[in-house]
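*Asks:* This is the structure, below, for whatever I ask next.
Every read-out reported here was derived from the displayed coordinates using simple, explicitly stated rules and does not represent laboratory data. Owing to the predicted nature of the structure, the values given are computational and were not obtained by experimental measurement. Counting neighbours? That spans all protein chains shown, and the Cβs are built from the backbone with ideal geometry, glycine included.
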Amino acid sequence: MSDYVLLTGGTGLLGRYLIRDLTDRGVSLALLVRPTRKMSARQRVEALMSTWDAQLGRQLPRPHVIEGDLGRPGLGLDELERDWIAEHCDLVLHNAASLTFHGTDPGGEPWRSNVDGTRAVLELCRSTGIADFHQVSTAYVCGLRNDRVLESQLDVGQEPGNDYERSKMAAEKLVREADFLSPPTIYRPSIIVGDSQTGFSTTFHGFYAALHLAHTLLKAAVSDPTALVSGRRAPTRLTLDGNERKNLVTVDWVSRAITEILVRSDSHGQTYHLTSPRPVTSQVMSDVLEQVIENCDNCFVGPGPLKDPSRIEKLFYEQMQVYSSYWRDDPEFDSANTSRALPDLPPVVVDHDMLVTLSEAAISMGFRWRDRQVVSPQPATS
């Protein structure tokens with residue numbers, strides 16, 4: 001292992017778990033972090049680390065913080081910072097990404113972060129002599145395929161389901177075509193949800209978006225004559241058949257899997273599907289919504305436009321349009337490499353009860369999370 005692992009995307013959901021797990025395994029981390037309008041890069045990291053300290057009841061070693069931005073030329077790094085990286089880092093874990101599903105500008109998201117950002121990190125590796133590159137991609141580079149997807153496959157002529165998938169495929173191609181790298185290590189998680197033990201999450205997309213919207217609409221709903229049948233609210237009609245499968249994996253398992261592979265050099269240079277052997281059906285998701293949201297009642301009517309949609313149905317489908325590709329039936333993901341590398345770390349199965357835990361946690365959090373700013377951050381490790 002190198003002196004430091006350079007990690008991007010450390011302040012996101014998966015990133016914060018990678019910081020915890022890699023640090024617990026004795027890995028020294030250097031984080032490339034973008035400042036915000038209210039917090040410096042170091043303050044953002046310290047706020048995150050203080051949250052972990054409080055949850056764990058102990059203080060984690062602090063990472064070395066480098067202020068940078070995937071969207072700036074040269075990542076916004078000066079010569080001294082580049083020299084430090086060249087001297088101390090020989091492995092990069094590129095985890096930063098945009099989850100934007102549909103882009104409106106070729107120079108905007110998700111292209112700016114996922115493609116241009118990856119290109120900039122690769123250029124940093126080339127200029128600093130880093131050859132060991134680990135990329136967090138996505139299982140959905142498979143696009144609209146409905147057959148068995150092998151870990152060894154990337155572009156087999158499939159059609160991407162949205163711009164996020166299109167941009168992640170392009171990013172993975174950039175990594176594989178970089179001839180100055182050793183064979184890269186590619187991690188392809190499916191849909192990442194919250195912590196299997198606590199339900200904690202910091203991002204609320206996909207299933208969470210449907211949960212949030214349904215919770216908000218039904219909580220605020222007033223009498224709607226178009227949605228009443230015999231004085232009772234009519235079920236919300238879902239344009240699905242109930243059998244669509246979604247491959248959900250918990251963030252704590254994905255982080256542990258990446259950590260275990262990263263700390264063992266003999267596991268490097270492979271592609272790993274970090275996916276579940278037991279997907280969740282849309283019927284189970286609907287059952288969970290009905291259990292955790294008061295007055296929620298759904299029925300499946302199959303694909304196609306709704307006839308005479310109620311006000312709630314109109315609002316629901318207008319807001320969920322961006323996720324239209326999300327609800328398609330997932331393919332089967334081969335995970336032979338992952339099973340060989342992690343025989344004692346099987347995926348946490350996301351079933352009905354787990355989804356209830358995750359949903360109740362999201363509702364209790366108000367579908368938002370913000371680390372508390374620390375007034376006096378600890379100095380970074382040098």
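*Asks:* Kindly write out, for region 244-250 in residue order, the coupling ³J(HN,Hα) from the Karplus curve 6.51 cos²θ - 1.76 cosθ + 1.60 (θ = phi - 60°), rounded to whole Hz, with x marking Gly and Pro.
*Replies:* In residue order, the calculated couplings are 4, 9, 10, 8, 10, 9, 7 Hz.
*Asks:* Moving on. Under 30 Å from the Cα of Lys173, which lysines turn up, not counting those fewer than eight places away in the same chain?
*Replies:* Counting by Cα, and skipping residues close in sequence, Lys173 has these lysines nearby: Lys246.
*Asks:* Apply 1/(1 + (r/R0)^6) to the Cβ-Cβ distance of Leu60 and Arg372, taking R0 = 22 Å, and write down the FRET efficiency to the nearest 0.05. Mind showing how you got there, number by number?
*Replies:* Details: r = 16 Å, r/R0 = 0.74.
After rounding to 0.05, the efficiency reads 0.85.
*Asks:* Do me a favour and compute the ellipsoid semi-axes for the chain from its Cα gyration tensor, root of five times each eigenvalue, largest one first, whole Å. All intermediate terms of the calculation are to be shown ahead of the outcome.
*Replies:* On the way: eigenvalues 279, 110, 76 Å².
Rounded to whole Å, the semi-axes are 37, 23, 20.
*Asks:* Tell me, what are the semi-axes, in whole angstrom and largest first, of the equivalent ellipsoid of region 107-220 as set by the roots of 5 times the Cα gyration tensor eigenvalues?
*Replies:* On the way: eigenvalues 186, 61, 43 Å².
For region 107-220, the semi-axes come out at 31, 18, 15 Å.
*Asks:* How are the alpha carbon pair distances in region 8-103 distributed across 10 Å bins from zero to the largest one, expressed in percent?
*Replies:* 14, 48, 31, 7, 0
*Asks:* What share of Cα pairs, in percent, lie more than 21 angstrom apart in region 231-341? It would help to have the intermediate numbers written out before the result.
*Replies:* Working: 3130 of 6105 pairs.
More than 21 Å apart: 51 percent of the Cα pairs in region 231-341.
*Asks:* Here's another thing I want to ask about it. With a point put 7 Å past each Cα toward its Cβ, work out how far Ala86 is from Ser152 in nm, to one decimal.
*Replies:* Label at Ala86, label at Ser152, 3.9 nm between them.
*Asks:* Further, regarding this structure: Can you tell me the 0 to 90 degree angle between the C-alpha axis of helix 117-128 and the longest principal axis of the chain, rounded to 10?
*Replies:* Helix 117-128 and the main axis of the chain meet at about 10 degrees.
*Asks:* Considering amide H positions built from the backbone, and no H for Pro or chain starts, which residues 5 or more places from Gly143, or on another chain, come under 5 Å of its amide H?
*Replies:* Gly161
*Asks:* Of the DSSP beta bridges with both residues in the chain, give the percent that are antiparallel, rounding to the nearest 5. Numbers along the way, then the final one.
*Replies:* Working: 4 of 36 bridges.
Among the beta bridges of the chain, antiparallel pairing accounts for roughly 10 percent.
*Asks:* Starting from the 7 Å offset along Cα-to-Cβ, what nm value, one decimal, do you get for the label separation of Lys314 and Glu177?
*Replies:* About 4.7 nm, to one decimal.
*Asks:* When Lys and Arg each count +1 and Asp and Glu each count -1, what net charge do the other residues less than 10 Å away from Tyr4, Cβ to Cβ, add up to?
*Replies:* On the way: positive: none; negative: Asp3, Glu87, Asp90.
So the surrounding residues net to -3.
*Asks:* Please give the direction-averaged projected area of the C-alpha convex hull for region 293-382, in square nanometres with one decimal.
*Replies:* 12.4
*Asks:* For region 44-49, take each phi angle, set θ = phi - 60°, evaluate the Karplus expression 6.51 cos²θ - 1.76 cosθ + 1.60, and give the result in whole Hz per residue in order, putting x for glycine and proline.
*Replies:* 4, 5, 5, 4, 5, 5
*Asks:* So what's the net charge close to Gly108: Lys and Arg +1, Asp and Glu -1, counting the other residues with Cβ under 12 Å from its Cβ? Mind dumping the intermediate values first?
*Replies:* Values: positive: Arg112; negative: Asp105, Glu109, Asp116, Asp163.
It works out to a net charge of -3.
*Asks:* For a footprinting-style exposure proxy, rank Met320, Met354 by other Cβ within 10 Å, fewest first. The partial results should precede the final answer.
*Replies:* Values: Met320 15, Met354 19.
Going from least to most buried by this count: Met320, Met354.
*Asks:* Can you give the relative contact order of the chain as a percent, counting alpha carbon pairs under 8 Å and 6+ residues apart?
*Replies:* On the way: 676 pairs, mean separation 80.1, N = 382.
Relative contact order comes out at 21 percent.
*Asks:* Work through the residues other than Arg340 whose Cβ is under 14 Å from its Cβ and net out their charges, Lys, Arg +1 and Asp, Glu -1.
*Replies:* Values: positive: Arg264; negative: Glu151, Glu260, Asp266, Asp334, Asp344.
Net of charged neighbours comes to -4.
*Asks:* Please report, for the Cα atoms of region 1-160, the Rg to one decimal and the Dmax as a whole number; what are they, in angstrom?
*Replies:* 16.8, 50
*Asks:* R0 = 25 Å: FRET efficiency of Asp105 with Lys219, Cβ-based, nearest 0.05?
*Replies:* Computed FRET efficiency for Asp105 and Lys219 comes out at 0.10.
*Asks:* Using Cα pairs closer than 8 Å and at least 6 residues apart in sequence, work out the relative contact order for region 3-92, in percent. Provide the component values of the computation, followed by the final result.
*Replies:* Details: 116 pairs, mean separation 31.1, N = 90.
Value for region 3-92: 35 percent.
*Asks:* If you project the alpha carbons of region 68-140 onto the principal axes, what extent comes out on each, in Å, largest first?
*Replies:* That works out to 39, 26, 14 Å along the principal axes.
*Asks:* If you average the sequence gap of Cα pairs under 8 Å that are 6 or more apart and divide by the length of region 74-162, what percent do you get for the contact order? Working shown, then result.
*Replies:* Values: 76 pairs, mean separation 28.7, N = 89.
Computed value for region 74-162: 32 percent relative contact order.
*Asks:* Using modelled backbone amide H atoms (1.01 Å from N, in-plane), which distant-in-sequence or interchain residues come within less than 5 Å of Val348's amide H?
*Replies:* Those lying under 5 Å, H to H, from Val348 are Thr250.
*Asks:* With +1 on each Lys and Arg Cβ and -1 on each Asp and Glu Cβ, and nothing else charged, work out how big the dipole of region 35-169 is about its Cα centre, in Debye to the nearest 20.
*Replies:* It comes to approximately 420 debye.
*Asks:* Give the percent of DSSP beta bridges with both residues in region 168-315 that are antiparallel, rounded to the nearest 5. List each step's numbers first, then the result.
*Replies:* Working: 4 of 14 bridges.
If we restrict to bridges inside region 168-315, about 30 percent are antiparallel.
*Asks:* Out of the GluC sites (Glu not before Pro) in region 123-176, which ones are loop residues according to DSSP with at most 14 other C-beta atoms within 10 Å? Before the final figure, lay out each step's value.
*Replies:* Values: sites: Glu123, Glu151, Glu165, Glu172; in loops: Glu151.
Filter output for region 123-176: empty list.
*Asks:* Continuing with this model, one more query. Counting other C-beta atoms within 10 Å, and keeping those with at most 16, which DSSP coil trypsin sites (Lys or Arg not before Pro) do you find in region 301-330? Numbers along the way, then the final one.
*Replies:* Details: sites: Lys307, Arg311, Lys314, Arg328; in loops: Lys307, Arg328.
Listed in order of number, the matching sites are Lys307, Arg328.
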